[in-house]
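Participant: Take a look at the following structure, please.
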């Protein structure tokens, strides 16, 4: 039986979300990376029915639960990149040294990354 990730065709949907251009498209760095929070916020807005189906909050400090959509996406992407099931997406880390907070906006609500003190924050982008 296919996983919920596969049933919802998440690889394709995350690829759509990561299909962003740099503010300077011809820059030699290429596409920008997105954090799992940015991906989760975009996913919730773009695919509201699938967001409801998954049934997890976007994440961040103060959600009152340990698991979140951002964590789910980060874990699935990391595992699928490692297993070479995803070859069009690459991952990296934002080092946490001297970083106090990362905040995101979603529907007028501020979401603050909960990972800043415990581990480096993963980030992902499409490979050109």
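Where a number appears in this text, it was derived from the coordinates with a stated rule and is not lab data. Bear in mind the structure is a predicted one, so any value in this text is a computation, not a measurement. Counting neighbours? That spans all protein chains shown, and the Cβs are built from the backbone with ideal geometry, glycine included.
Participant: Please compute the modelled spin-label separation between residue 29 and residue 127, points set 7 Å along Cα→Cβ, answer in nm with one decimal.
Facilitator: 2.1
Participant: Please work out whether region 82-128 counts as rounded, prolate or oblate from its C-alpha gyration tensor, where a ≥ b ≥ c are the square roots of the eigenvalues and a/c under 1.5 means rounded, while otherwise a/b larger than b/c means prolate and anything else oblate? Before the final figure, lay out each step's value.
Facilitator: On the way: a/c = 2.84, a/b = 1.55, b/c = 1.83.
Oblate is the answer for region 82-128, as a/c is 1.5 or above yet b/c matches or exceeds a/b.
Participant: Sort 20, 110 so the one with the fewest other Cβ atoms within 10 Å of its own Cβ comes first.
Facilitator: 110, 20
Participant: If I model region 21-84 as equal point scatterers sitting on the Cα atoms and use the Debye formula, what is log10 I(q)/I(0) at q = 0.13 Å⁻¹?
Facilitator: Listed by q, the Debye log ratios stand at -0.45.
Participant: Report the gain in length on full extension from residue 107 to residue 94: 0.36 nm times residue separation, minus Cα-Cα distance, nm rounded to one decimal. Working shown, then result.
Facilitator: Details: separation 13, 0.36 × 13 = 4.68 nm, distance 2.50 nm.
Answer, rounded to one decimal: 2.2 nm.
Participant: When the Debye formula is applied to the Cα atoms of the chain, each taken as the same point scatterer, what base-10 log of I(q)/I(0) results at q = 0.12, 0.15, 0.23 Å⁻¹?
Facilitator: With no solvent term, the Cα-only Debye profile gives -0.46, -0.73, -1.59.
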